[in-house]
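Here's the structure we're looking at; comments come further down.
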Amino acid sequence: MIRMRTAAAAALAALAALALAGCGTGAAVTSRSQPPATSQEQSAPSARAIASQIGATGYQPITPTLYASDEGNATWHGRMVDIATFASPELRASWVQAAEQFVPIMTEGPQFAIADDGPAA
């Protein structure tokens, strides 16, 4: 179970590195894991707050992956899930597009997405 999450996180990181490498046109690369702010960005809710709102249990924070403001793992409806929150719908859409190449997306909201990491132990 943990290996699947670790593999998915590693795959997302590799995909992000490839995407950044493909964008190299001499522009400066910063250490930010997110693209520059857009006019529609807002304060993102915490992943813990979303977990609480949906009734997920066993929340554990993780380092946010590309595009996410906050992220964590929890158990929801008998599944291990990755709950990620975002400062804008555009950032959420970018994260979903990358993540769904590796795991199913269970649900989305304006500032969050929940990915299925498999059956709970």
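The values are calculated or read from the model by the stated rules, or taken from the named source; none is laboratory data. What you are looking at is a predicted structure, and each value in this text was computed from that prediction instead of being measured. All Cβ positions, glycine included, derive from the backbone under ideal geometry; neighbour counts span all protein chains shown.
Take Gln101 and tell me if it is assigned to a helix (DSSP H, G or I) and modelled with pLDDT of 95 or more.
Numbers: assigned to a helix (DSSP H, G or I): no; modelled with pLDDT of 95 or more: yes.
No, not satisfied.
Which count do you get for residues in the range 106-121 that are surrounded by 15 or more Cβ atoms within 10 Å (Cβ to Cβ) and within 15 Å of Gln53 (Cα to Cα)?
Here the count works out to 6.
Is at least one residue of the range 38-54 under 26 Å from Gly118 (Cα atoms), among the hydroxyl-bearing types (Ser, Thr, Tyr) and either modelled with pLDDT under 95 or in contact with a Gly (Cβ under 7 Å, 6 or more places away or on another chain) (or both)?
no
Every residue in the range 104-121 that is in a strand (DSSP E or B) and among the hydrophobic types (A, V, I, L, M, F, W, C), please.
Ile105, Met106, Phe112, Ala113, Ile114, Ala115
Out of all the residues in the range 72-105, which are farther than 17 Å from Pro119 by Cα, surrounded by 22 or more Cβ atoms within 10 Å (Cβ to Cβ) and not β-branched (Val, Ile, Thr)?
The answer is Ala84, Phe86, Leu91, Arg92, Trp95, Ala99.
Six or more apart or on different chains, Cβ atoms under 6 Å: show the pairs whose first residue is in the range 60-73 and within 8 Å of Trp95 (Cα to Cα) and without any contact (Cβ under 8 Å) to a residue 24 or more places away in the chain and whose second is among the charged types (D, E, K, R) and in a strand (DSSP E or B).
No pair meets every condition.
Mind counting the residues in the range 74-121 that are closer than 16 Å to Ser43 by Cβ and either free of Cβ contacts under 8 Å to residues at least 12 places away in the same chain or in contact with a helix residue (DSSP H, G or I) (Cβ under 9 Å, 6 or more places away or on another chain) (or both)? Even if it seems obvious, please write down each step before you answer.
So in the range 74-121, the residues closer than 16 Å to Ser43 by Cβ come out as 84-92, 109-112.
Now drop any that are not either free of Cβ contacts under 8 Å to residues at least 12 places away in the same chain or in contact with a helix residue (DSSP H, G or I) (Cβ under 9 Å, 6 or more places away or on another chain) (or both), which leaves 84-86, 109-112.
Looking only at that region, the number is 7.
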